[in-house]
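Structure, as structure tokens:
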2 protein chains.
Amino acid sequence: MNANLLPHIVIIGAGFAGLETARGLSNAHVRITLIDKNNHHLFQPLLYQVAIAGLLPSQIAQPVRTIFRKQKNLTFQMGEVSGINFDEKYVKLNGSVIAYDYLVLAVGGRTNFFGFDAIEKSGFQLKDLDTAVKTRNHLLSMFEQASHEADAEKRKAILTFVIVGGGPTGVETAGALAELITHVMKKDYPRLNLGDARVMLLEASANLISAYPDELRKATAKLLKKKNVDVRLNTKLEDYNGQRIHLADGSHIETQTVIWTAGVKATEIADGLSVDKASGGRIRIEPTLQLPQHPEAFVIGDASFLLDENGSPLPMISTVAIQQGVCTAKSILKLMNEKPLEYFHYKDPGLLATIGRNAAVARIFGISFSGFIAWVIWVFLHIYRIIGFRNRIIVLFNWAWDYVFYDNQVRLITKE
Amino acid sequence: MNANLLPHIVIIGAGFAGLETARGLSNAHVRITLIDKNNHHLFQPLLYQVAIAGLLPSQIAQPVRTIFRKQKNLTFQMGEVSGINFDEKYVKLNGSVIAYDYLVLAVGGRTNFFGFDAIEKSGFQLKDLDTAVKTRNHLLSMFEQASHEADAEKRKAILTFVIVGGGPTGVETAGALAELITHVMKKDYPRLNLGDARVMLLEASANLISAYPDELRKATAKLLKKKNVDVRLNTKLEDYNGQRIHLADGSHIETQTVIWTAGVKATEIADGLSVDKASGGRIRIEPTLQLPQHPEAFVIGDASFLLDENGSPLPMISTVAIQQGVCTAKSILKLMNEKPLEYFHYKDPGLLATIGRNAAVARIFGISFSGFIAWVIWVFLHIYRIIGFRNRIIVLFNWAWDYVFYDNQVRLITKE
């Protein structure tokens with residue numbers, strides 16, 4: 001059979017959702033074109049580790065071509081999709097047109113600043129390797145700056161690090177940053193009084209990690225307190241000028257470092273599409289993950305919006321994206337065989353967040369853990385999930401080294 | 001004794017020369033301030049490996065503060081020196097003034113384009129992590145671009161990589177790039193005809209690695225030929241517009257990639273100093289490495305200019321810088337004890353260059369090697385010289401992995 005006569009599946013986005021769809025179709029008689037604006041897949045759950053100099057960018061990223069070397073029905077193309085025509089079934093890429101029989105739109109999310117332009121301008125975010133490395137460079141520079149700042153008040157402001165958003169990313173970043181200061185920076189800056197350093201975690205609601213059960217929320221608060229993280233609940237930002245945060249209660253915090261982890265919305269490409277959208281620009285889809293009126297097009301992962309059985313929107317997290325990818329691969333095979341599609345059902349595999357060395361909170365199979373056991377589970381589960389055997393070995397070696405020597409991966413300030 | 005009464009030694013530059021000086025003074029009763037514009041020391045001999053995705057930036061760089069954690073008489077300051085007053089003995093840094101008793105100027109070199117502005121603008125260089133990562137991103141992007149270029153002529157031009165300069169860096173880069181294409185890119189781009197890819201090495205003189213004895217020059221040419229590197233001797237550039245090189249003989253080469261390794265000159269800071277300079281802006285020094293008229297100031301490494309016993313200038317290489325650093329530390333101790341200084345004598349430790357997997361040329365203790373044995377010597381000598389035990393282990397693991405699996409470190413295209 002001529003390969004060009006095989007059904008053509010175009011997958012846009014090599015994040016968790018796109019990757020799983022492509023893998024699910026590895027034995028199918030189809031042609032797959034996988035498109036991404038980067039040449040690599042990113043293991044986003046560990047991105048905050050790049051920001052605190054705990055891991056290197058390459059340890060949580062893997063070139064897409066390497067991942068799919070053995071999948072002969074797949075071609076990768078790097079580039080930015082400049083348009084999609086759902087009626088005539090083609091996408092525009094790198095100046096040419098790619099026709100498809102089935103489309104999988106898995107373009108992911110980006111940081112949602114909810115209109116806080118001041119923070120978008122002067123704050124930091126953790127969305128891709130670029131923003132994570134920028135955050136790392138800034139954090140490390142603050143210690144250098146503090147080391148030659150004679151004014152005690154100014155030094156204190158330089159060493160005040162504010163993380164906004166009490167979700168898993170905010171909690172993990174705060175815990176890891178507090179540890180970096182206590183265990184590593186203390187050794188690198190023996191003349192600097194790191195008692196001046198403060199890590200603050202601001203959360204607008206009354207709870208940290210609101211999706212967790214109450215006992216884990218309490219354990220999280222306790223563990224963060226033990227690491228000297230200053231947690232402020234019910235605390236809303238009003239403004240930020242790069243030097244000072246104004247809070248809604250009228251008080252303010254002097255700081256040059258605001259790391260925003262408080263929201264995600266659909267990525268730019270969704271903006272230009274004339275489809276029905278929900279909050280955060282996310283594309284509304286059918287319970288089968290299909291785009292309404294376009295059964296051959298699937299929208300999955302962070303860019304899509306779907307309510308679960310209880311009527312609440314599916315969260316924008318990697319486990320949802322992975323399960324939707326698996327489901328989409330199966331659905332495309334069913335469509336090709338003219339079988340009816342099933343509804344997507346999200347199976348919550350549990351939650352897991354680390355709070356620095358030796359401490360994590362976890363909920364797996366309905367059981368809550370916290371402390372050291374949760375941390376060990378976290379370490380091995382994340383190493384298992386990282387793509388690439390080589391990366392797994394190196395990350396394991398790194399973490400073992402850090403654990404034994406109270407060290408961190410090389411703290412490099414690179415130019416931008 | 002009050003620490004502030006101890007003699008104050010200011011060392012500018014944490015390259016090989018500055019690092020060795022600081023280390024040589026580790027037991028001295030002095031205060032040392034080490035200054036660098038980066039927070040890390042860079043192992044420059046392996047910088048080309050970053051450009052060909054063979055090593056990661058962090059594997060050849062180490063934070064200066066980490067290196068000197070145990071040396072209590074040393075303080076590190078990150079920043080750009082904005083001026084030096086040799087008469088009043090102070091340097092300007094980060095808006096304040098630092099007075100010194102002894103000064104060591106070890107500010108290193110930068111790429112010398114010899115006035116070829118066109119290449120400075122559109123070409124690539126290997127001078128620091130930033131330029132090496134830029135080169136890597138560009139090289140990897142060329143393969144992506146080639147993969148969706150339908151025009152055969154254009155594709156050939158995209159896959160033509162030109163390295164200018166037949167010194168050790170040029171030879172090593174050409175060999176490593178040829179291997180990357182043959183062993184790694186072939187697997188990542190199965191649909192791309194990599195027979196179209198060309199690595200060219202242009203050298204203006206009649207010889208590659210002119211400092212080596214004749215048998216090694218022949219071995220180098222043979223090894224490069226075996227790796228399919230197109231070596232062009234007696235070949236001079238005339239112009240380059242980012243798309244096409246014009247050669248002095250009237251012919252031209254279509255390419256988007258020119259990596260310039262053909263020259264080094266003293267770094268910017270030397271430009272502003274009113275001292276006697278030789279070619280390439282290098283500062284002329286006494287045979288004791290002192291600055292004329294300023295016996296308390298030493299200038300060493302790539303930024304200095306000194307003739308050897310045979311009347312030829314000392315080369316701008318790491319072994320000279322290291323030996324000058326050792327010598328300077330001793331000389332400062334002698335000056336403090338009012339003893340006479342000795343002249344600096346460079347002891348050539350031999351030469352060593354690798355030409356891809358399994359192949360290198362070496363001259364050690366007057367004996368010439370080439371091929372596999374030279375390559376094994378090269379691997380272990382370089383691993384030994386890299387700073388940091390952790391980095392040594394990881395680099396050894398990486399190279400062993402690459403050797404067994406014909407793979408390379410993660411080929412990540414990062415944003416700039």
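If you check every pair at least six apart or on different chains, which have Cβ atoms under 6 Å apart with a residue in the stretch A:324-342 that is assigned by TED's automatic domain parsing to the domain that holds A:VAL299 and in contact (Cβ under 8 Å) with a residue 40 or more places away in the chain first and a residue that is assigned to a helix (DSSP H, G or I) and not aliphatic (A, V, I, L, M) second?
Hits for this filter: A:GLY325/A:GLU20; A:GLY325/A:THR21; A:VAL326/A:GLU20; A:VAL326/A:GLY24; A:THR328/A:THR21; A:ALA329/A:THR21; A:ALA329/A:GLY24.
For B:ASP151, only one of the following conditions fails: (1) away from every other protein chain (no Cβ under 14 Å); (2) out of contact with any Ser or Thr (no Cβ under 9 Å at 6 or more places or on another chain). What is its number?
Of (1) away from every other protein chain (no Cβ under 14 Å); (2) out of contact with any Ser or Thr (no Cβ under 9 Å at 6 or more places or on another chain), only one is false for B:ASP151: (1).
Taking the conditions exactly as written (farther than 19 Å from A:ALA360 by Cβ and more than 14 Å from chain B (Cβ to nearest Cβ)), does A:LEU177 satisfy them or not? Explain how you work it out, then say what you get.
Values: farther than 19 Å from A:ALA360 by Cβ: no; more than 14 Å from chain B (Cβ to nearest Cβ): yes.
When the stated conditions are applied, A:LEU177 does not pass them.
Only one of A:ASN112, A:ASN73, A:ASN94 is buried (at least 16 other Cβ atoms within 10 Å of the Cβ) and within 30 Å of A:VAL258 (Cβ to Cβ). Can you tell me which? Give the steps one after another, and end with the answer.
On the way: A:ASN73 fails: within 30 Å of A:VAL258 (Cβ to Cβ); A:ASN94 fails: within 30 Å of A:VAL258 (Cβ to Cβ).
One residue alone meets the criteria, A:ASN112.
Here are some residues: A:ALA321, A:ALA353, A:ALA400. Which one is within 30 Å of B:SER58 (Cβ to Cβ) and without any contact (Cβ under 8 Å) to a residue 60 or more places away in the chain?
Numbers: A:ALA321 fails: without any contact (Cβ under 8 Å) to a residue 60 or more places away in the chain; A:ALA353 fails: without any contact (Cβ under 8 Å) to a residue 60 or more places away in the chain.
Of the residues listed, the single one that is within 30 Å of B:SER58 (Cβ to Cβ) and without any contact (Cβ under 8 Å) to a residue 60 or more places away in the chain is A:ALA400.
Residue-wise test of (1) under 21 Å from B:VAL133 (Cα atoms); (2) buried (at least 16 other Cβ atoms within 10 Å of the Cβ).
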position	(1), (2)
B:TYR343	no, no
B:THR354	yes, yes
B:ARG357	no, yes
B:ALA360	no, yes
B:PHE369	no, yes
B:HIS382	yes, yes
B:ILE387	yes, yes
B:THR414	yes, yes
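Suppose the filter is surrounded by fewer than 17 Cβ atoms within 10 Å (Cβ to Cβ) and either over 30 Å from A:ASN207 (Cα atoms) or within 14 Å of chain B (Cβ to nearest Cβ) (or both); does A:GLU120 pass it? Steps first, answer last, please.
Numbers: surrounded by fewer than 17 Cβ atoms within 10 Å (Cβ to Cβ): yes; either over 30 Å from A:ASN207 (Cα atoms) or within 14 Å of chain B (Cβ to nearest Cβ) (or both): no.
Against the criterion (surrounded by fewer than 17 Cβ atoms within 10 Å (Cβ to Cβ) and either over 30 Å from A:ASN207 (Cα atoms) or within 14 Å of chain B (Cβ to nearest Cβ) (or both)), A:GLU120 does not qualify.
Filter the stretch B:92-121 down to the residues that are without any contact (Cβ under 8 Å) to a residue 12 or more places away in the chain and over 30 Å from B:ILE253 (Cβ atoms) and list them by number.
Passing the criteria: B:LYS92, B:GLY95, B:SER96, B:VAL97.
What residue, of A:PHE397, A:PHE405, is loosely packed, with under 14 Cβ neighbours inside 10 Å and within 14 Å of chain B (Cβ to nearest Cβ)? Show your work before the answer.
On the way: A:PHE397 fails: loosely packed, with under 14 Cβ neighbours inside 10 Å.
So the residue among A:PHE397, A:PHE405 that is loosely packed, with under 14 Cβ neighbours inside 10 Å and within 14 Å of chain B (Cβ to nearest Cβ) is A:PHE405.
If a residue must be more than 17 Å from the chain's Cα centre (by Cα) and not in a helix (DSSP H, G or I), how many such residues does the stretch B:158-210 contain?
22
Exactly one condition in (1) of a type outside the set (Gly, Ala, Ser); (2) away from chain A (no Cβ under 14 Å); (3) assigned to a loop (DSSP other than H, G, I, E, B); (4) out of contact with any strand residue (DSSP E or B) (no Cβ under 8 Å at 6 or more places or on another chain) is not met by B:PHE380; state its number.
Tallying (1) of a type outside the set (Gly, Ala, Ser); (2) away from chain A (no Cβ under 14 Å); (3) assigned to a loop (DSSP other than H, G, I, E, B); (4) out of contact with any strand residue (DSSP E or B) (no Cβ under 8 Å at 6 or more places or on another chain), B:PHE380 fails exactly one: (3).
Give me the helices (runs of 4 or more DSSP H) completely within the stretch B:7-72, filtered to those with at least 1 residues that are touching a strand residue (DSSP E or B) at 6+ places or on another chain (Cβ under 6 Å) and within 13 Å of chain A (Cβ to nearest Cβ), ordered by residue number.
Details: elements: B:16-24, B:47-51, B:64-67.
Counting at least 1 such residues, we get B:64-67.
Report, by residue number, each residue of the stretch B:249-274 that is more than 25 Å from B:PRO315 (Cβ to Cβ), in contact (Cβ under 8 Å) with a residue 40 or more places away in the chain and in contact with a Lys or Arg (Cβ under 9 Å, 6 or more places away or on another chain).
B:ILE253, B:GLU254, B:THR255
Taking B:ASN137 and the conditions (1) farther than 30 Å from B:ASP196 by Cα; (2) of a type in the set (S, T, N, Q); (3) facing another protein chain (nearest Cβ under 10 Å), which numbered condition does it fall short on, given that it satisfies the others?
So B:ASN137 meets the others, but not (1).
Do you know which of the residues in the stretch A:359-377 that are more than 28 Å from A:LEU19 (Cβ to Cβ) and in contact (Cβ under 8 Å) with a residue 24 or more places away in the chain is nearest to the other protein chains (Cβ to nearest Cβ)?
Once the filter is applied, the top-ranked residue is A:ALA359.
Does A:LYS277 satisfy being within 20 Å of the chain's Cα centre (by Cα), among the charged types (D, E, K, R) and over 23 Å from A:ILE9 (Cβ atoms)? Can you show your working first?
On the way: within 20 Å of the chain's Cα centre (by Cα): no; among the charged types (D, E, K, R): yes; over 23 Å from A:ILE9 (Cβ atoms): yes.
Against the criterion (within 20 Å of the chain's Cα centre (by Cα), among the charged types (D, E, K, R) and over 23 Å from A:ILE9 (Cβ atoms)), A:LYS277 does not qualify.
Taking the stretch B:19-39, which residues are modelled with pLDDT of 95 or more and touching a helix residue (DSSP H, G or I) at 6+ places or on another chain (Cβ under 7 Å)?
Result: B:LEU19, B:GLU20, B:THR21, B:GLY24, B:LEU25, B:ALA28, B:ARG31, B:ILE32, B:LEU34, B:ASP36.
Do we have any residue at all in the stretch A:355-375 that's more than 30 Å from A:ALA178 (Cα to Cα), touching a Lys or Arg at 6+ places or on another chain (Cβ under 9 Å) and not in a strand (DSSP E or B)?
Looking through the stretch A:355-375, none of the residues is more than 30 Å from A:ALA178 (Cα to Cα), touching a Lys or Arg at 6+ places or on another chain (Cβ under 9 Å) and not in a strand (DSSP E or B).
Is it the case that the stretch B:259-269 has a residue that's farther than 24 Å from B:LEU47 by Cα and surrounded by fewer than 15 Cβ atoms within 10 Å (Cβ to Cβ)? Spell out how you get there, then give the answer.
Of the residues in the stretch B:259-269, the ones farther than 24 Å from B:LEU47 by Cα are none.
No - not one qualifying residue is present in the stretch B:259-269.
The values are calculated or read from the model by the stated rules, or taken from the named source; none is laboratory data. Small disclaimer: the values here were computed from a predicted structure and weren't measured. Heads up, the Cβs are rebuilt from the backbone with ideal geometry, glycines too, and the neighbour counts pull from every protein chain shown.
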